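Comments concern the structure below.
Values quoted throughout were computed directly from the atomic coordinates according to the rules given, and no laboratory measurement underlies them. Since the model is a prediction, treat every value here as computed from it, not as a measurement.
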Amino acid sequence: MSTKRSGLFIGGLLVGSAIGAVTGLLMAPRTGKETRQILKKSAEAMPALAEDLSSSVQLQADRLSETAIRNWDETLVRLKEAIAAGLEATQRERQMSETEVEVSPPLRPPVR
């Protein structure tokens, strides 16, 4: 769960940074020409930012996938152990029932 949160945090951080950069450029006291040049450079940097974001998301997805597989494997092991314990308890119960039948005294017919 923490890897999912950290992946979301990193993605939000990158998106927030991009939005903050664009907002800062638009609010800066520069001439229109200077602002357009800066926006052009920022737009040219967007593919690299998108690639970084994509790589980060892929890395987080891989980690999440590995964690899910590990948790699934651990759950299967616990389930197999629980089934084995249940079967063992059932066998012991049957043996005890059979032993009680053998040990109990014979029934007498009712007296009239």
- Query: Residue by residue through region 83-99, which ³J(HN,Hα) values in whole Hz follow from phi under the Karplus form 6.51 cos²θ - 1.76 cosθ + 1.60 (θ = phi - 60°), with glycine and proline marked x?
  - Reply: 5, 4, 5, x, 5, 5, 5, 5, 5, 4, 5, 5, 4, 5, 5, 5, 5
- Volume per residue, Å³, of the convex hull around the alpha-carbon atoms of region 2-99? 75 Å³
